[in-house]
Amino acid sequence: DVIDVRALGANGIFTYDPGFMSTGSCESAITYIDGDAGILLHRGYPIAQLAEHSDYLETCYLLLYGELPDKKQKEEFDAMVGKHTMVNQSMHKFIDGFRNDAHPMAIMCGLVGALSAFYQDDMDINNPKHREIAAFRLISKMPTLASICYKYSKDQPVMYPRNDLSYAENFLYMMFATPCEDYVVNPVFAKAMDRIFVLHADHEQNASTSTVRLAGSSGANPFACIAAGIATLWGPAHGGANEAVLTMLEEIGDVENIDEFITKAKDKNDPFRLMGFGHRVYKNFDPRAKVMRETCDQVLEELGMSNDPLLKIAKRLEQIALEDPYFVERKLYPNVDFYSGIIMKAIGIPTSMFTVIFAMSRTIGWISHWNEMISSPYKIGRPRQLYVGKPERDYPTDK
Ligand code: ACO
């Protein structure tokens, strides 16, 4: 049920809803979620069908333009993305200014915001062509920037993008190829990577997407808005969860220690939470987690890692959470991040890059929401607050 409270403000009344538990901030035709039923649709298409039949760039096209592309449109779209994969050479000077051990998300926040400085002539947000070119630039350059961050942390030379490869293959190539070694992309890994991208592409008004819309509502340029989204995604309650899942599995270390961590998670006096469990919207199995779980099994089988100790801990945790009354009553199911971290670790991606990959995948969602907002009448986002401070008082002149 929707209660339209727009007229309240005119009477000096406002709704108070910390955490926006029951506040809709916009209309959107991009993504539909029914958290109780475990349904996620992009432009009407169920996420599991997209993960099976679509690739990431086709999903990007769908989110951005509203319909699936025909063959020619898809080829043109892929070619446009391929055309913009390079980043300006001056960006490397920025990267050199960071510490080698800087978290790659810290570098990404800076680099993506800095793209504004390179494209200032095409940033009239009221021009649909400028908005479209910004979308292409962002989708295309995110994997390049992400792999540059990784290579920098390893002190390895940067690999230039290969536009003959698919989006996922090119990303793995830029991450793992070196000038001295030929790198052949494993098709199972490329498929798994592509699925991770598709499953993270959009999720309506989560914290980072709402941040992008709020930043955009002031008329800020798209690169600055996406940088704001990246900063928000970094938090462990949001995109940082996949990194936190792996850290937690490593900390648990052995199946024998699981009970101790479950007890901590249930203790209200302990801030510890079981990472990768629970979701603000899904009070049922996250439909993305179901697909991710299958993909996880495929990758581990390909690598002959089905007996991996971390995976054993993960499977046992999953089982406990599905049976233990604490988790069952609170509807705390494993979320998408629970499995994506295990897949990426198996592929050889370091934990610190997990959230960067989430940011890469979510860029299309952010830019589609930003574009949708700017394309229709909108207001600057300006929530109210419930003031709980001191009442008006006189400045003490005798102090
Ligand atoms: N472990 C233990 N208990 C939990 C967990 C958890 N992971 N998540 C929620 N709970 C408990 C809470 O303590 C609370 O219990 P109570 O009713 O007895 O007080 C109840 O479940 C409801 O929790 P809330 O915090 O009110 O739920 P909310 O919707 O605000 O939070 C969130 C959702 C942030 C995702 C939370 O479940 C969490 O912190 N999970 C772990 C982090 C995580 O995996 N985040 C990824 C989200 S998915 C994504 O961003 C793609």
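Note on residue 75 and residue 247: their simple-model spin labels are 4.8 nm apart, each label 7 Å out from Cα toward Cβ.
Across the chain, the relative contact order, built from alpha-carbon pairs under 8 Å that are at least six residues apart, equals 23 percent.
A 1.4 Å probe, protein heavy atoms only, puts the accessible area of residue 275 near 50 Å². Subtracting the Cα-Cα distance of residue 264 and residue 155 from their residue separation scaled by 0.36 nm leaves 35.3 nm.
First check a/c for the chain, with a ≥ b ≥ c the square roots of the eigenvalues of its C-alpha gyration tensor; if it is under 1.5, answer rounded, and if not, answer prolate when a/b is larger than b/c or oblate otherwise. Since a/c stays below 1.5, the shape of the chain is classed as rounded.
Two tests apply to each whole DSSP H helix in the chain, Cα reach of 24 Å or more along its axis and mean Kyte-Doolittle hydropathy of at least 0.5, and the ones passing both are 354-375. Rolling a 1.4 Å probe over the protein heavy atoms leaves residue 279 with an accessible area of roughly 50 Å².
Each part reduced to its alpha carbon centroid, region 269-348 and region 114-177 end up 30 Å apart. Length available on full extension from residue 182 to residue 96: 0.36 nm per residue minus the Cα-Cα distance, which gives 28.3 nm.
What FRET efficiency, computed as 1/(1 + (r/R0)^6) with R0 = 25 Å and r the Cβ-Cβ distance, is obtained for residue 65 and residue 37, rounded to the nearest 0.05?
That gives a FRET efficiency of 0.40.
Is region 134-261 best put as rounded, prolate or oblate by its Cα gyration tensor, with a ≥ b ≥ c the root eigenvalues, rounded for a/c under 1.5, and otherwise prolate when a/b is larger than b/c, oblate when not? Here region 134-261 falls in the oblate category. Projecting the Cα atoms of 138, 196, 126 onto the charge dipole of the chain (Cβ charges, centred on the Cα centre) puts 126 farthest toward the positive pole.
Computed per residue of the chain from DSSP H runs no shorter than four, each worth -39500 (n - 2.57), the mean residue ellipticity at 222 nm is -16500 deg cm²/dmol. Each of the peptides 124-132, 391-399, 50-58, 166-174 was scored by the mean count of other Cβ atoms within 10 Å over its residues; in descending order, highest first, they stand as 166-174, 50-58, 124-132, 391-399. Relative to the current alpha-carbon distance between residue 88 and residue 399, full extension at 0.36 nm per residue lengthens the span by 106.2 nm.
Residue 283 to residue 53: FRET efficiency via 1/(1 + (r/R0)^6), r the Cβ-Cβ distance, R0 22 Å, to the nearest 0.05?
0.20
The values are calculated or read from the model by the stated rules, or taken from the named source; none is laboratory data. Just so it is clear, the model here is predicted, and its values are computed rather than measured. Virtual Cβ from ideal backbone geometry, glycine too; neighbours counted across all protein chains shown. Note: areas computed on protein heavy atoms with side chains; ligands, DNA, RNA excluded. Shrake-Rupley method; radii C 1.70, N 1.55, O 1.52, S 1.80 Å.
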